[in-house]
Amino acid sequence: MDNLDKQIRDALTPDDRALIGTPDEGLRADQLMLATFKTRNKFLTGLAFVYTFVFFGLAVWCAVRFFGATEIKHLLAWGFAFSFCMLAVAMLKMWFWMEMQRIAVTREVKRVELLTAKLLERLGHNP
C-alpha cells in the first residue's frame, strides 16, 4: 500500500499536491458544521438546528416545572416531557453529526477519485 501511495504522490504536480493536501489533513469540526449549511439539504439542516434549540429550551422548562411539582401525577408528566425533549435533542444531534460525517466521507472519496484520475493521466491511460 505504501508503494501505491508513493506512486500517486509522484504522479501529482506540486499544484495538485497543494490542492489535495496531506492524508492527515481534514476539515475541523467547525468547518464541517458550516459545510452542512452549504449542501442541498441546507433548509432541512437549518430546520433541525433550530428545532434542537427549541427542544433543549423546552427540556429546561420541563425540568424547572418538574422540580417545582408537588403531585406525583405532575412529576410523571413533566418527567416524561423532559425525557421526550432530551430524546429529540439527542436524535437531532445524531442526525446532524451523521450529515457532517457524510460530507467528510464524500470529500475523501472525491480526493481519491482525483488522485486516481491524475495517476491514470500520468500513466497514459485514457478511460
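For the range 35-72, the tally of residues that are surrounded by 12 or more Cβ atoms within 10 Å (Cβ to Cβ) and of a type in the set (D, E) stands at 0.
So that you can scan it fast, the table gives a plain yes or no per residue for (1) more than 15 Å from the chain's Cα centre (by Cα); (2) under 30 Å from A104 (Cα atoms):
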residue	(1), (2)
L44	no, yes
L47	yes, yes
A59	yes, no
A81	yes, no
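When the helices (runs of 4 or more DSSP H) confined to the range 1-114 are screened for residues that are modelled with pLDDT of 90 or more, those reaching at least 1 such residues are found at 42-68. Hey, does the range 42-50 have a residue that's closer than 30 Å to Q101 by Cβ and among the charged types (D, E, K, R)? Within the range 42-50, one or more residues are closer than 30 Å to Q101 by Cβ and among the charged types (D, E, K, R). The residue list L32, L75 contains one member that is surrounded by 12 or more Cβ atoms within 10 Å (Cβ to Cβ), over 30 Å from N3 (Cα atoms) and without any contact (Cβ under 8 Å) to a residue 12 or more places away in the chain, which is L75.
The values are calculated or read from the model by the stated rules, or taken from the named source; none is laboratory data. Keep in mind it's a predicted model, so treat the numbers as computed, not measured. Glycine also receives a Cβ, built like all others from the backbone with ideal geometry; neighbour counts cover every protein chain displayed.
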